[in-house]
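The structure under discussion appears below in the form of structure tokens.
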Amino acid sequence: MSRLAPDSWKLLYFQRIKDLIDNYQPDLLYTDGGIPFGDYGYRLVSHYYNVVRTGVYTSKTKKDCETGTCALDIERGIANEILPEPWQTDTCIGNWHYKKGIQYKTPKTVIDMLCDIVSRNGNLMLNFPLPNSGMPDADEFKVLDGITQWMSVNGEGIFGTRPWKVSGNATVPAAGQMGFNERNRKDLTASDVRFTRKGSTLYAFVMGWPGKEASIPTLALGGRLDVGKIRNVELLGHKGKVTFTQDEGALKVQMPPEKPSDFAITLKIVGA
């Protein structure tokens, strides 16, 4: 397509996006594909970084991102492992454009995806398609409310975090296609755990309510990950202390009678 476009059109594209950059300094500049139009596209990316020095340009072409030019964007999909460089998923709770009667992703599905993505060094860009009123419909608000309530309790384990030694244990997808692989996902359960870290603090997302006890074999003392002695465990959203034990078999944490949030719970761990 880019080879067929005349230079006059490529120049018009360059000028219009340059005008957007100069006037609005967007934190994120997203292209639905690779960097377009050869030198015109590279000049535009260069101009963007000169103007918005902390901005991020994304591309869906892996080769574009190999030298740090941009962040890889995976449409409606999740990387199968921790990628060495930050990346992004772009997806939607329904169709990309608003359609009445569509079945939306549940808050549970979105939170499962979010924890998977962040544990693998990624970012989630989530679209809510709007009707012509510009206001989300009632079902969209229910999805948004569920996500918001969960984030208000567990966001500490998401914002400003980085991957740990492994992304998690159990039900990690096999290697294969990354883009458009979300449709085959099954809901994660209490046997599934995802990890993030912030400095010396480790966050373990138990992806379902474990009942009386959460058991995490990945955080057993020693083992192949050389996990150290855990000094303290907190349950985000729970005001009291939790009791825990750690041995060569697993980290085991006793749960309070009531769960602090739906979908997944977050253990804040010091010492691993």
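Out of curiosity, is Ser46 over 21 Å from Met125 (Cα atoms), without any contact (Cβ under 8 Å) to a residue 24 or more places away in the chain, open to solvent by less than 70 Å² (accessible area, probe 1.4 Å) and out of contact with any strand residue (DSSP E or B) (no Cβ under 7 Å at 6 or more places or on another chain)?
Numbers: over 21 Å from Met125 (Cα atoms): yes; without any contact (Cβ under 8 Å) to a residue 24 or more places away in the chain: yes; open to solvent by less than 70 Å² (accessible area, probe 1.4 Å): yes; out of contact with any strand residue (DSSP E or B) (no Cβ under 7 Å at 6 or more places or on another chain): yes.
It is true that Ser46 is over 21 Å from Met125 (Cα atoms), without any contact (Cβ under 8 Å) to a residue 24 or more places away in the chain, open to solvent by less than 70 Å² (accessible area, probe 1.4 Å) and out of contact with any strand residue (DSSP E or B) (no Cβ under 7 Å at 6 or more places or on another chain).
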**Message:** Checking Leu221 against (1) in contact with a Pro (Cβ under 7 Å, 6 or more places away or on another chain); (2) open to solvent by 20 Å² or more (accessible area, probe 1.4 Å); (3) not polar (S, T, N, Q): exactly one of these is not met. Which one?
**Reply:** (1)
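For Trp150, state whether it is within 19 Å of Ala190 (Cα to Cα) and over 12 Å from the mean Cα position of the chain (by Cα).
Here the answer is yes, as Trp150 does meet what is asked.
Quick check: is even one residue across region 247-265 part of a loop (DSSP other than H, G, I, E, B), touching a Cys at 6+ places or on another chain (Cβ under 7 Å) and open to solvent by less than 20 Å² (accessible area, probe 1.4 Å)?
Keep residues of region 247-265 that are part of a loop (DSSP other than H, G, I, E, B), which gives 247-250, 255-264.
Adding the requirement that they be touching a Cys at 6+ places or on another chain (Cβ under 7 Å) leaves 264.
With open to solvent by less than 20 Å² (accessible area, probe 1.4 Å) added as a condition, the list becomes 264.
Looking through region 247-265, at least one residue is part of a loop (DSSP other than H, G, I, E, B), touching a Cys at 6+ places or on another chain (Cβ under 7 Å) and open to solvent by less than 20 Å² (accessible area, probe 1.4 Å).
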**Prompt:** Restricting attention to region 51-86, which residues are touching a Phe, Trp or Tyr at 6+ places or on another chain (Cβ under 8 Å), part of a strand (DSSP E or B), within 18 Å of Ile17 (Cα to Cα) and of a type in the set (Val, Ile, Thr)?
**Reply:** Thr58
**Prompt:** Name the pairs whose Cβ atoms lie under 8 Å apart, with the first residue in region 199-216 and within 13 Å of Leu236 (Cα to Cα), the second open to solvent by less than 10 Å² (accessible area, probe 1.4 Å) and part of a loop (DSSP other than H, G, I, E, B), and 6 or more positions between them or separate chains?
**Reply:** Phe205/Ala264; Val206/Asp192; Val206/Ala264
**Message:** Among the listed residues Thr67, Thr54, Thr91, Thr106, identify the single one that is crowded, with 17+ Cβ neighbours inside 10 Å and among the polar types (S, T, N, Q).
**Reply:** Thr91
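The values are calculated or read from the model by the stated rules, or taken from the named source; none is laboratory data. Worth saying up front: this structure is predicted, and the values here are computed from it rather than measured. Cβ coordinates were reconstructed from backbone atoms using ideal geometry, including for glycine residues, and neighbour counts include every protein chain displayed. Accessible surface is based on the protein model in full, side chains and every heavy atom, while ligands, DNA and RNA are left aside. Shrake-Rupley method; radii C 1.70, N 1.55, O 1.52, S 1.80 Å.
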